[in-house]
Structure formats: structure tokens, C-alpha cells
Amino acid sequence: MIKSISTGRTQQGYFSPVEKQMFGAALLADPDTSSPFSDVLSIAESGCSSSLLQQLTSVTKRFRHLKPEQYLLRQQDQFDSLFVVKKGALKSYRLTPEGEEIVTGFYMEGDVIGAGGLGNHKHFYSVVALEPSSLYEIPFAKLLQQSAMEPIVQQLMLKLLSQEMQADQSLRLIQLKQVKAAIASLILNIANRLTATQITLPMSRVDIANLLGVASETVCREFTRLQKQGLLSVNRKHIVINDLPQLQLAAGGDCY
């Protein structure tokens, strides 16, 4: 995003035989073959017993498929699962006592959702799809139980929890920047994840402005300014990076 748009490059590829056994039930539900768990799975490929593979398979409960504007979670829902975005994009937000929506983050492929609910066993934000999205659902109680028995599952659990914490830190750093630098960082982050210089932003200017705590007109002006400076070509949500080094400078030196 930003809350979950992490600074690392997204790892993509096809499911190995180990992955197919781990996520067998989910694969039957959705044959698309990219996985956010490649780091952990590379450990699994070094040698797993059939019983361990059966245990790992049961960690993933199912896929969740969401249409645009469909909710994954609502504020104050009971915490019982972690989610990993397989494809698509979502946003999280909180409602103030006055009913005002405060955007807290954006999630894309490989991002972890839900760890914030661990503290009081309730989710403190709502999460809604911005575009058609698919997610892995991982029941946390089952993850805990199996992590106590198998080190590889423990590594998976720690990876999932640490990933959302790192994303939170990334968000805070971006929010501390001036608007121009924050927008440049956002674009670089998404471009890096997609390994592309032409991207389509899943979020609206209004959502970006809400996240940064500024008016949407301010965000629009900064996009226009970046375009006039020759760093970007902008056509609504479609962005082309024309000058990567200068865009990195505009982001405050972030290279992602």
C-alpha cells in the first residue's frame, strides 16, 4: 500500500509443485498462478515431507474475490484472518465519530491486510476494493497452531506480520513529505511494483488527497506541475514516467 505499497520489488512467477500442494484448494478456485509467498516457498522447495505439505495446504482457507466497491472488512469486524492481495487494489479507511472518512492506506499485489486487528481482536479500519480483486485468506488461529509445529510455517507467519508493519512505516514516511514529493514517491512505488514506466493508478485523486491530508485540488495541481516539468505524462489515471532520475529527485531521492 502506500500503506501497503512496500518499497521492495514484487516477486512474480508460476506456482512450483510445492506451491500447488500448499495452495491446492485455492488454486482450484482460481487458476491464476502468481504467488506473494515466493520467499517462504523457496525454503519449502529445499525439502518438505508430504505431511508438512498437507499442513501448509490447510493454512490457506480460500480465495476471496471482490468486485469494485465491495468490502473485505468493516471497521470493528472481529479479527480472525489475515489476507494477502493476489491481484487488484483496495483502500482502507476509518470513520470518525462525525462520520468523516479518513483514508489510511492502499493495498496492491502481495500486500498483507488485517494484522492491525491483533491487538484488540477487532479491525480498526474498513477495507474496500477499488477494482476487481482476489485475496488469499489465512485464518490466524490455524496459522498460530501450525507455526508452533513447523518452523517454515512460523517463518510464513512472521513474514506476513512484519510485512504490514514495514508498509505502515513506509506510509508514515510518505505522509511526512511535501505533497509533490509524496505523489512522486507514490508513483515510483507503484511503477516499481509493476516493473513498468506506464501505470494506471487504482486510486482517485480524492483518495490520495484524503490520505495526505490536503485538498484534492492541491493533488491535481501537483500532477499538472510534474507533467509541465516533463517528468510525467498524465491522462486521468494513466501515468507515463518520462524522466525517472528527475522523478526520483522530486521524491526526495527515493529510488525504490
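Classify the range 150-256 as rounded, prolate or oblate, taking a ≥ b ≥ c as the square roots of the eigenvalues of its Cα gyration tensor: rounded when a/c is under 1.5, otherwise prolate if a/b is larger than b/c and oblate if not.
Values: a/c = 2.24, a/b = 1.80, b/c = 1.24.
It comes out prolate by the Cα gyration axes.
Can you put THR195, THR224 in order, fewest other beta carbons within 10 Å first? Numbers along the way, then the final one.
Details: THR195 9, THR224 12.
Ordered by Cβ neighbours within 10 Å, fewest first: THR195, THR224.
Hey, how many Å between the Cα centroid of the range 125-194 and the Cα centroid of the range 214-256?
Centre-to-centre distance over Cα atoms comes out at 24 Å.
Using θ = phi - 60° and the Karplus relation 6.51 cos²θ - 1.76 cosθ + 1.60, list the HN-Hα couplings for the range 85-90 in order, rounded to whole Hz, with x at every Gly or Pro.
6, 8, 7, x, 8, 9
Highest mean first, what order results for 229-235, 84-90 on Cβ atoms within 10 Å? Walk me through the numbers before you get to the answer.
Numbers: 229-235: 15.0, 84-90: 22.4.
Ranked from most to least packed, the peptides come out as 84-90, 229-235.
Which trypsin sites (Lys or Arg not before Pro) from the range 200-256 combine a DSSP loop assignment with at most 16 other Cβ atoms within 10 Å?
On the way: sites: ARG205, ARG221, ARG225, LYS228, ARG236, LYS237; in loops: ARG236, LYS237.
Filter output for the range 200-256: ARG236, LYS237.
All of the numbers you see were taken from the coordinates with simple rules; none came from a lab. Since the model is a prediction, treat every value here as computed from it, not as a measurement. Neighbour counts are summed over all protein chains in view; Cβ atoms, including those assigned to glycine, are modelled from backbone coordinates with ideal geometry.
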